[in-house]
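The values are calculated or read from the model by the stated rules, or taken from the named source; none is laboratory data. Bear in mind the structure is a predicted one, so any value in this text is a computation, not a measurement. Here the Cβ is made from the backbone with ideal geometry for all residues, glycine too, and neighbour counts use every protein chain on show.
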């Protein structure tokens, strides 16, 4: 039925029969080779664990990092695949693309992430190997999140081959900026306000800006939701919302670090919901709520707590963060996105500017402020060292300095996103990627075999035609 | 399209543009202030944990309560937001309201619950602070469940402002009855048959009874499901059903307490499914199953095991509980609900009478009987003390006395629900809440911006009109 | 509306009003009696745990197996009920049956599985009791999976009573083959490539082959998806995909065993996605992706890692397995299933041949090869013993012998599936099971009360009739 579109204008060639399989096969074979050369199990996942345990006097298997992090890993995994995937099913005729391409991007990206993050963070110089465990899997999922956020800005306007290019460069850029921010600048960013959300948000916006489509209005009829697609999107929203405490606590310190990060995120999210609802209702003259706001801005508190969640921001501090970010994000959906589209020529399908870019940036600066305000009386002497990892080369760093570096880290993430995105956008402008024409956007018909039958039962059109034929007989017989 | 309703009768004003934002902002600001005054991290979530660990000779971070309860917390969290939310999406045109208002109520309620439960149970008199950890989050989610159950009776018939009032009083009443039942009467009620389900069920029924709408039949056309809304509701049912073992075990004793509660609930639920299916098929002359029963009554075993799950009820005991409650609940949907509506003027949209009120009450009494039947040979001397917490002031309580108190606790919960609900119902009858008119119930159009386009592709109506116009030409030309 | 079907041909009697309730009640009562005689809590779930702990010098409650396995159990539980259930909702008019009968089968089967597996593996000869804990629940869920896989081949063509028969025998056969493979042959098969997938797949195929319906094309119009049913199915796909690492690691050894199994499965699944996408695109002349492939073949890597996941297959080995199985499974959907249907008269609704039977068989042989290739340098001396459980009567078994036994185990699973399925198929051909007629297949109307109204708002048919009536007036008045 979507093929109706084919009558509306000239079509670009969206045939990906050669390109997509070629990229997938080449890439997957490269991954196998590189994994063979570089990647092994770490000592907690290796069959030598029992010997490692005895040698290190570890009293029980329960001390294996698996039991500290696996439940959080699974929650993060759900956020990446169901959360991001279903959040984007809101378009009436792009649900296959939303959930299917999200699946493809993440599966593709996480393998490359294990390598890139391994080379930067976990390469053992003595053996030349990267040793992976459950924390590596969480980090790989996080790394994909950056590219999935960018996908949100591009939703419906690019081909799957382009998305794989976005992911390839996105993961690469992510690993580099993460190395600079976490290792060189020694920032803390457990839930990734900076490295994931600010980076991913600005990366996607820059790409989308370069790929501006002046006649996108031609597919405007498809760039909206229908009733049930909005309900599907709420599945994504809720799984993101519920599991965000796991996201922000997945790789924080064992014990109080994970515990505190979960509590803070839980509270910030709850607070976001109330201010989002309030602003959404205020923005409509009849006081009606807008699903776009409920689906997205309610999550802003989680994004903004990505850095500060593991700090002693206190429960009321978390509520304040959620309060403000719910307002800012909803405000963004109401006023800023239309402004950006009109004056900056920025087409941002899912509004990642309001959900990831801005709250992520704010989250980075909130983290800087909370870090700078840390005191030994609040954290305890040991707690302060543990929380900010003031060890080794950083043993003499003060909290004030740490705050400065956190702010610098946020800027690094944004610069990487903007510059990297602009460059990737230029690559994607090459006429070889089988992207859809302007009047063919937001339509699964371009890249998917869409079922032809409609849900109406019995088929309404046929039934009506039948009625009309009967009808016509009456008419004709009555006319003559 | 739902705006068609506007032709059917006089409309009440459902504009919530002032009321809803006002309540949300005032409330959220109050929460921030109260959290600032009262709420801090407990010693397991505070950065001083490392010092606490050493001082108390705790050998490992894995002993942090976070690792005992966080996976169960996340399951409970899913039940509250996806489980309850999607279970209520079954109405053809109230899915936004179901999942959206559920989201709002729970986010609103959990903050107030942390304070109310904190004041009653965790206020440290030496510092005047409430110290929260993962168990507090679980309890806050539980506390919201009471109000969400009440929402089930009111679904489609009240405004979001009214729902916030229901939640505000619901959480308050919950905290008081919980204090009486768990602390003063020293009952055990880990999964809340009494404090959550019996209370929440009767609370919602009493409100609904006071708010009786004699001409509700005017919106009867919308008070039913369509094919896909029933499938959405099954998402809610299944997440509730699967995670109910976590619900009943989330705050039970470490070790055998959590382990046993999960097993018992798992078995009771399985047993409920079979008797629900059996009764559903028997009740239809063609033997056909009814989705209403499958969506709801299959959960009755979990509700009824809320108290007894942590006791030594034995696996066959759990099966018996599920067996009976599946029958009773399905029977309720077939016969009791229509009776209540006709003769008691009780309009209970989701049938919470059959899923929460009655199974919850039964669960309370089952708990009383199982407690009274406990023996030292079955539990072990230490096990008996641990399970019923016969310590401190209660060191001399016998199991028989405990059983009596459990039964008394059930009655307290019901009385709180009925009396509290009646009073709240009276408050909600004030003509200031922007509730919908009788012919405007069960319709998202009242409080949501509903997408205008339908899924039919190409648009059926336009197509048909087009056909008819063509048709008419033929007619006209043939007629003259 | 589906009742339109009733005009298309003679109907079989699908009334299950006597049969289904009778089976459910008899069965559930039998379960209660047998659980009463045989089943008790094991020492970790019993109130005597505290004494057991002290007697065995267990330092903390966290050492209770509950904390090692409960998060994985819940993930497996989600796979069984939401994963399998929603994966099968892809048919346009059989979503109630898919998710509802899946619910019934699993609830029915898990009780019988606890008994059957208990008798074979956990019966304490001194007391005559079976002692259950969280691992028993996981195994019971696994055991149901075999029958749910078989359901995939039969979807839409059998009555719920027949499905209960399939499950009763399926669980029984499962317990026997599992005893032979795991205990007598001493194979390792943590994620069940052999005992679950190969067995379940061939069991379902054999039943379907016996029940061949030559005129099934009569309900061909319903044997396909619509847009939203494909989106629902993706919920199933993703929860299966995300939680498969938990499935394969749920019952492996504490510590490195669970850790490694999760990593391997995660990687194999990611690799499967890329080759599935590649092949799906290649198979369509426009390069378009097919939802059937994305929904199913992406999971093949998880199936094929069911045996080898706990071995030291290395990360690149997992990628290779996923790579190959994604190709093989997609190839199966494109070429093999149509071939089987045409030439072998095998009607396999969900294509379990390609998702479970073949990848399961391959997984068994992959496990055999990886086991035979194990060395002490890779596993460590203790690690090798732990991984393959070379203890007791098997202390002298070599890895080569182990590999041989693993291969033999795979054959046992296939033979049990084929022979058992053929016999069960014959039982199901008896004319007493209220199965649907050929033109009534794939239609919920047969066994469910389906909502009558359609989603079109305002109701299209009524509206059109109204238009036509008006229309007719014009016509009539113009004609005369």
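Which of the numbered conditions does residue C:17 fail, given that it passes all the others? Conditions: (1) more than 7 Å from chain B (Cβ to nearest Cβ); (2) more than 30 Å from residue B:379 (Cβ to Cβ); (3) at pLDDT below 95.
(1)
Please find, within segment C:347-377, the residue that is farthest from residue C:421 (Cα to Cα) out of those that are surrounded by fewer than 19 Cβ atoms within 10 Å (Cβ to Cβ) and in contact with a helix residue (DSSP H, G or I) (Cβ under 8 Å, 6 or more places away or on another chain).
Of everything passing the filter in segment C:347-377, C:376 is farthest from residue C:421 (Cα to Cα).
Determine, yes or no, whether residue B:141 is farther than 30 Å from residue B:445 by Cβ and under 13 Å from the mean Cα position of the chain (by Cα).
Judged against the criteria, residue B:141 is a match.
Of the conditions (1) assigned to a loop (DSSP other than H, G, I, E, B); (2) touching a residue at least 12 places away in the same chain (Cβ under 8 Å), residue A:362 clears all except one; give me its number.
Every listed condition holds for residue A:362 apart from (1).
Does residue C:424 satisfy being over 18 Å from residue C:151 (Cα atoms), at pLDDT 95 or above, assigned to a helix (DSSP H, G or I) and touching a helix residue (DSSP H, G or I) at 6+ places or on another chain (Cβ under 7 Å)?
no
Does segment B:27-64 hold any residues that are more than 7 Å from every other protein chain (Cβ to nearest Cβ) and touching a helix residue (DSSP H, G or I) at 6+ places or on another chain (Cβ under 6 Å), and which are they?
Within segment B:27-64, B:34, B:43 qualify.
Does segment C:126-137 include one or more residues that are crowded, with 24+ Cβ neighbours inside 10 Å and farther than 21 Å from residue C:33 by Cβ?
yes
Please work out if residue C:133 is touching a strand residue (DSSP E or B) at 6+ places or on another chain (Cβ under 8 Å) and closer than 30 Å to residue C:47 by Cα.
In short, yes.
Evaluate segment A:109-129: report whether one residue or more is over 15 Å from residue C:270 (Cα atoms), at pLDDT 95 or above and at the interface with another protein chain (Cβ under 10 Å from one of its Cβ atoms).
no
Starting from segment C:73-90, take each residue that is without any contact (Cβ under 8 Å) to a residue 12 or more places away in the chain and more than 8 Å from every other protein chain (Cβ to nearest Cβ) and list its partners that are surrounded by fewer than 24 Cβ atoms within 10 Å (Cβ to Cβ) and not in a helix (DSSP H, G or I), counting only C-beta distances under 6 angstrom and pairs at least six apart or across chains.
Final answer for the pair search is none.
Per-residue answers, yes or no, for (1) more than 9 Å from chain C (Cβ to nearest Cβ); (2) in a helix (DSSP H, G or I); (3) within 26 Å of residue B:413 (Cβ to Cβ):
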{"residue": "B:214", "(1), (2), (3)": "yes, no, no"}
{"residue": "B:228", "(1), (2), (3)": "no, yes, no"}
{"residue": "B:232", "(1), (2), (3)": "no, yes, no"}
{"residue": "B:248", "(1), (2), (3)": "yes, yes, yes"}
{"residue": "B:251", "(1), (2), (3)": "yes, no, yes"}
{"residue": "B:313", "(1), (2), (3)": "yes, no, yes"}
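Sort through C:274, C:267 and tell me the only one that's assigned to a helix (DSSP H, G or I), under 16 Å from residue C:325 (Cα atoms), facing chain A (nearest Cβ under 7 Å) and in contact (Cβ under 8 Å) with a residue 40 or more places away in the chain.
When all the criteria are applied, what remains is C:274.
I want to confirm something. Restricting to segment B:280-297 and keeping residues that are at the interface with another protein chain (Cβ under 7 Å from one of its Cβ atoms), assigned to a helix (DSSP H, G or I) and in contact (Cβ under 8 Å) with a residue 12 or more places away in the chain, which single residue is nearest to the chain's Cα centre (by Cα)?
By that ranking, first place goes to B:294.
Go through segment B:384-402 and give me each residue that's more than 17 Å from residue B:257 (Cβ to Cβ), part of a loop (DSSP other than H, G, I, E, B) and in contact (Cβ under 8 Å) with a residue 24 or more places away in the chain.
B:397
Can you say whether residue B:301 is surrounded by 24 or more Cβ atoms within 10 Å (Cβ to Cβ) and on the phi > 0 side of the Ramachandran plot, as far as the supplied structure shows?
no
I'd like to check something: does segment B:188-198 contain any residue that is in contact with a helix residue (DSSP H, G or I) (Cβ under 8 Å, 6 or more places away or on another chain), closer than 22 Å to residue B:84 by Cβ, surrounded by fewer than 24 Cβ atoms within 10 Å (Cβ to Cβ) and in contact (Cβ under 8 Å) with a residue 12 or more places away in the chain?
no
Answer yes or no as to whether residue A:197 is within 30 Å of residue A:322 (Cα to Cα), modelled with pLDDT of 95 or more and in a loop (DSSP other than H, G, I, E, B).
No.
State whether the residues of segment A:158-174 include one that is part of a loop (DSSP other than H, G, I, E, B) and in contact with a strand residue (DSSP E or B) (Cβ under 7 Å, 6 or more places away or on another chain). Reasoning before the result, please.
Going through segment A:158-174, the residues part of a loop (DSSP other than H, G, I, E, B) turn out to be A:158-159.
Then keep just the ones that are in contact with a strand residue (DSSP E or B) (Cβ under 7 Å, 6 or more places away or on another chain); that gives none.
There is no residue in segment A:158-174 that is part of a loop (DSSP other than H, G, I, E, B) and in contact with a strand residue (DSSP E or B) (Cβ under 7 Å, 6 or more places away or on another chain).
Restricting to segment B:315-343, name every residue that is under 27 Å from residue B:94 (Cα atoms), more than 14 Å from chain C (Cβ to nearest Cβ) and either in contact with a helix residue (DSSP H, G or I) (Cβ under 7 Å, 6 or more places away or on another chain) or crowded, with 22+ Cβ neighbours inside 10 Å (or both).
B:329, B:332, B:336, B:337, B:340
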